[in-house]
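Note sheet for the following structure.
What follows is calculated from the coordinates using simple rules that are stated; it is not laboratory data. Computed from a prediction, not measured in an experiment: that's the story for all the values here. All Cβ positions, glycine included, derive from the backbone under ideal geometry; neighbour counts span all protein chains shown.
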Amino acid sequence: MSGMGATAEDQDRYTSWMREIKENLKTAGILIEIGTEASLRNALIVIDNNNEVFMKYFLRYIKEEKKQTVNKLDFPKLIEQMHKHEFSNTALLDKIQMFHDSRNVLYHDPKKLTVSRATLETFIKDSLEMYNIALEAKIELKELCAGYDELKEDIRKRDWNKRYDELGRLVDDIKSSFGFTPDDYGWPFIASIPDPISGLDVFQTLFFGALARDQSGGKAVRVLEFVDCNEENSWHDFYISRIGSHTWHGIVRCFWSKWGEGNRRGVKQIHELLKKYKSRVEYREEARSSWYYHREALDQFFLK
């Protein structure tokens, strides 16, 4: 900022708008950490919008362009103005424009485009490089990451409270409708006898019910498969939850396979179902451990 003829008032404005720019990137980082398709799309939009805001502030307060002129500039014109002011890395501006074009496709027709976590992490780094070159500054990525852990913990606490309330209502419904109380954790083990036919039927009912309730055409259901093995057999437990819900349903102690002979028919049918609808499913397989059966633990597999 030195040598640019900025007044004390301009310096205050600079401090204010750069704080906004950095907070927006931090918000994008949290969306990336959440890691769902919806949050990743929104992270792309947040970063791109932030770059547009940055260029307008930069041209207005640093290069002293007229406010009325700057506010009328669309994204390509802003890039042209950055070139006009001899921005030293034209290849970087071309990448920023490319990300903007991708964002437009995603924003207007999200079914045709998804975005990866790695791409977004690159986008944040490239955006930060543009800010540093333009301002002759050195804003480090670790500044933006500071506070991620605290924010994630706050999110998890809020999720835990919602999950606890939902499970409490579900337990009350089971008590009043069926006259018994679920296990100590409040889990609805809705198929817990060694009957693969019933287990498969329950899985399909929940699975297609989740798909039917979601009309977006995107990811609609999460499935966790826990596998436990010894030298003779393997056991498969399935947990299923609608995306956006804090309640999981467990189909447990129903499926097993003979070691070395491949999966039994019920497990194969579930895997074939997941493969057929893979565009609408978030699926993970994990080794079974009793710790995972605490109700607060299952969501965390999808935050990795």
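Quick one: what do you get for segment 8-146 if you divide its Cα Rg by 2.2 N^0.38 Å? Don't skip to the end; give the middle numbers.
On the way: Rg = 14.8 Å, N = 139, 2.2 N^0.38 = 14.3 Å.
Against the empirical 2.2 N^0.38 Å value, I get 1.03 for segment 8-146.
If each residue's Cβ is checked for other Cβ atoms within 10 Å, how do R60, R103, R264 rank with the fewest at the top? Can you show the working numbers first?
Working: R60 18, R103 22, R264 15.
Ordered by Cβ neighbours within 10 Å, fewest first: R264, R60, R103.
So for V252, V53, fewest C-beta neighbours within 10 Å to most, what's the order? All intermediate terms of the calculation are to be shown ahead of the outcome.
On the way: V252 20, V53 14.
Neighbour counts put them in this order, fewest first: V53, V252.
Would you mind pulling out the separation of the Cα centroids of segment 212-227 and segment 229-266, in Å?
Centre-to-centre (Cα) distance: 16 Å.
Give the relative contact order (percent, whole number) for segment 8-146; include only Cα pairs under 8 Å separated by 6+ residues.
Values: 105 pairs, mean separation 40.1, N = 139.
Across segment 8-146, relative contact order equals 29 percent.
Longer than 20 Å from Cα to Cα, which of K22/K66; K22/K125; K56/K142; K22/K219; K219/K276; K219/K278 are they? Say none if no pair is. Don't skip to the end; give the middle numbers.
Numbers: K22/K66 24 Å; K22/K125 12 Å; K56/K142 25 Å; K22/K219 30 Å; K219/K276 13 Å; K219/K278 9 Å.
Pairs exceeding the cut-off: K22/K66; K56/K142; K22/K219.
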